[in-house]
Structure formats: C-alpha cells, structure tokens
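*Asks:* Can you keep this structure in mind? I'll have questions shortly.
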Amino acid sequence: MARKKRMESIGFYHIVNRGVERRTIYMDNDDRMQFLEILQESAEVYNFEVYSYVLMDNHYHLLIKISTLNLSMIMRQINSRYSMYFNRKYKRVGPLWQGRFKSWYVYDEAYLESLVKYIEFNPIKANIVKNIGEFNWAMSSKAVEMQGLNYELIESSNLKENLSKKELLEIDKLFNTKLEVVHEVIVPKIKQKLHKHFKNSTREVGIAHAIEDGYTQQAIADYLNLSNISISKIHKLYRQKVTLFNKLRDKGLFWSYSKEISYEQAGENLLIEYLYKYADFDDISLGFTLFGKRIMKAVWEKKLKSDKRFVKLNFMIARVFLGMEIEASYFKEVKNERFEKLKMLAS
C-alpha cells in the first residue's frame, strides 16, 4: 500500500531522524561538518531557515521554518545526500536511516521557546556536557558559522535552566496533539465526544477510533468499565485483524469489491469467508487465533458447509480446525440451503 501522505503547511517543524538500528551516524567531527554543509546548501536551494539543531551520535534534531510546501523534498535531499556520503566514506551498503524522518508541525508558536530548549538540552540529558553552549554540535554553541541559521529563538529563550514541568507538558502536547488540514492550514483536530465513537460501531472499532482521535487507553477503559490491559489487548487484536485484511486485499482476494475497501467496511464475516475460500493454510490458522473457534465455525456453517464446490476444503476445515470426526462423504449429503430455498421459491 502507498504510504500515507504527510500533512504540510508553511511554518515551523521539529524534525528527528535516527540511524538504522540506532547505529552511530556521525563517526567523527568531519561527518558532522559534512552534514551541516549539506544542511546549509539545502537551506539555500529550498529557502528555509534553521532555528535550532543538535547532532547526537545516532540521531539529529532540527527546528526549521519552511516558506513553501516542500518539507518532504527538503528532507529527502538532506538525508539521501548524507547517506551517500556516509556509505561511500565507510564502504558500506544499505539504508542509513531508521525509516522515514519524523516531523511535528508547530501549530502554536507559543511553544517554540520550549521546543528550542528541549532540542538544545539533548547533550546535557546524555551527560555529554553540563551546560548549554558547551556542545559544539548544537546550535546554541555558535561554534559553526553558516548561512540559513536564525538565532532569534536561541537568544530569546532561557537556556540556563532545565525544562520546567509546564514546558514538558507543552512539549508533550505538541508531540501528541492530533492535527488536520482545514482550508489548507494545519490545525489541532477537535475530538469527538467519547460516547460517539461507540454509537454506531462495534466495541473494537470504537476503541480504535477513540485512540486514533487522541483518547488515552485509560480514558477509554474508564468509559467502558474495563481495565487498561483489556483495552490494550482488544486494540492489538483489532490491528492484527486489519493487517490480515489488508494483506489479503492487496493480494487481490477481494476482487469483486473496491480496491480501497477497508476491514471496517467489509466486516469480520466477509473476511472470514474469504479466508476460508481463497487464503492459504497459515492465514486460516491465524483467523482462528484472531476470531476464535466459535465465530470461525459460525461463518463456516453459514457460508461454506453446504457449498458443494468446497467439499475438500470443508473436509479439511472440519477435521483440522474444528476437530470433527467425519468422512469426506459427509459433505456430499449436506443439503445446500441456498439451493433448497431457490427450489422452494420456484415450485
């Protein structure tokens, strides 16, 4: 499936990227200098400013402000160029980065000073230095002069004291607030009332929607009068069902339905029916793990048991998965309920 497109808007972004398997991405100071030179050249070409940065051993943080909708292009340029440099220098092959970069849009500029503080305190948290400005590869040190650096926030922020509880809450809110695009502007998403997520949905779908909307598992547990662990298990099971459905859909098993059909639209009965009819043994086994024997048996009895086209399949399901002591001839004698209904209507 295609990756979900990032939301983009003009303004500030906090960006983090890590080495694959958290490996070291800067082996020496020359590597860090090379990264900053690539950053400067990219800032000149793509017209953005850097307000804070820190280059740790296995990851980096950036705070940049873009003036056009080109964040993905900017980061592709920076990461791919540095990766090629690193692999060539150290005679290695393969990806350097741990997946796509992570980015957070700063939807409220009131959080900017707290964010700068959060970034610049990284070397202190890692016990590399004791004070802001001592780590040469953080912007607050001013050890490297280059175009594209804007020190406005560095100079206006109080970097002498550690992050306060209020600032930590602001950072947590910035990182965890769900966003949406309204009139081409990214804004915080307004949560639905919790009860509305369960109004016309199954419990597992309601839980998934509520979590996606930003509710904590504890809040959902309190509403449903369940334990936090139960919510976690239900949500994990639901994600596994969605993953299985998407796998079969992308293989083309749901050929008579829209290519964009979702598990929520299809429902568990259709997934189980198609699991039986078209999936392999391992996927059917997984279906029994995810849905349980009772539900799997109910769908089998309703959709497959009396279908003469699937005698061998029915025999395998009955013997292997349902533990029925029967012979293959059993299914030749089972009446086809759909055929019998049609025959009655025609008479």
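*Asks:* Tell me which residues, restricted to segment 174-196, are under 17 Å from ASP222 (Cα atoms) and free of Cβ contacts under 8 Å to residues at least 12 places away in the same chain.
*Replies:* Across segment 174-196, the qualifying residues are LYS193, LYS196.
*Asks:* Okay, moving on. Is segment 105-120 home to any residue that is farther than 28 Å from VAL187 by Cβ, surrounded by 13 or more Cβ atoms within 10 Å (Cβ to Cβ), at pLDDT 95 or above and not basic (Lys, Arg)? Give the derivation first.
*Replies:* In the first step, residues of segment 105-120 are kept if they are farther than 28 Å from VAL187 by Cβ; the result is none.
So far as segment 105-120 goes, no, none of its residues is farther than 28 Å from VAL187 by Cβ, surrounded by 13 or more Cβ atoms within 10 Å (Cβ to Cβ), at pLDDT 95 or above and not basic (Lys, Arg).
*Asks:* Shifting gears a bit: Considering segment 93-110 alone, what residues qualify as being in contact with a strand residue (DSSP E or B) (Cβ under 9 Å, 6 or more places away or on another chain) and closer than 18 Å to LYS173 by Cα? Write out each step before concluding.
*Replies:* Step one: list which residues in segment 93-110 are in contact with a strand residue (DSSP E or B) (Cβ under 9 Å, 6 or more places away or on another chain), which gives 96-109.
Within segment 93-110, LYS102, SER103, TRP104, TYR105, VAL106, TYR107, ASP108, GLU109 meet the criteria.
*Asks:* Next question. Does at least one position in segment 152-166 carry a residue that is without any contact (Cβ under 8 Å) to a residue 12 or more places away in the chain, surrounded by 12 or more Cβ atoms within 10 Å (Cβ to Cβ) and assigned by TED's automatic domain parsing to the domain that holds ARG18?
*Replies:* Taking every residue of segment 152-166 in turn, at least one turns out to be without any contact (Cβ under 8 Å) to a residue 12 or more places away in the chain, surrounded by 12 or more Cβ atoms within 10 Å (Cβ to Cβ) and assigned by TED's automatic domain parsing to the domain that holds ARG18.
*Asks:* Within segment 187-198, identify whether any single residue is outside any loop (DSSP other than H, G, I, E, B), charged (D, E, K, R) and modelled with pLDDT under 85, and answer yes or no.
*Replies:* no
*Asks:* So, one more: Here are some residues: VAL129, VAL185, VAL181. Which one is touching a Phe, Trp or Tyr at 6+ places or on another chain (Cβ under 6 Å), surrounded by fewer than 17 Cβ atoms within 10 Å (Cβ to Cβ) and either hydrophobic (A, V, I, L, M, F, W, C) or not assigned by TED's automatic domain parsing to the domain that holds LEU63 (or both)? First the steps, then the outcome.
*Replies:* Working: VAL185 fails: touching a Phe, Trp or Tyr at 6+ places or on another chain (Cβ under 6 Å); VAL181 fails: touching a Phe, Trp or Tyr at 6+ places or on another chain (Cβ under 6 Å).
Just a single option satisfies the conditions, and that option is VAL129.
*Asks:* Also: Would you pick out the residues in segment 278-295 that are part of a helix (DSSP H, G or I) and more than 18 Å from ILE234 (Cα to Cα)? Walk me through how you get there before you give the answer.
*Replies:* Step one: of segment 278-295, the residues part of a helix (DSSP H, G or I) are 278, 281-291, 293-295.
Passing the criteria: TYR278, PHE281, ASP282, ASP283, ILE284, SER285.
The rows are residues; the columns are (1) modelled with pLDDT of 95 or more; (2) assigned by TED's automatic domain parsing to the domain that holds LYS102; (3) not in a loop (DSSP other than H, G, I, E, B).
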site	(1), (2), (3)
LEU174	no, yes, yes
GLN218	no, no, yes
ILE234	yes, no, yes
GLU260	no, no, no
GLN265	no, no, yes
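The values are calculated or read from the model by the stated rules, or taken from the named source; none is laboratory data. What you are looking at is a predicted structure, and each value in this text was computed from that prediction instead of being measured. Please note: Cβ atoms are built from the backbone with ideal geometry, for glycine as well, and neighbour counts cover all protein chains shown.
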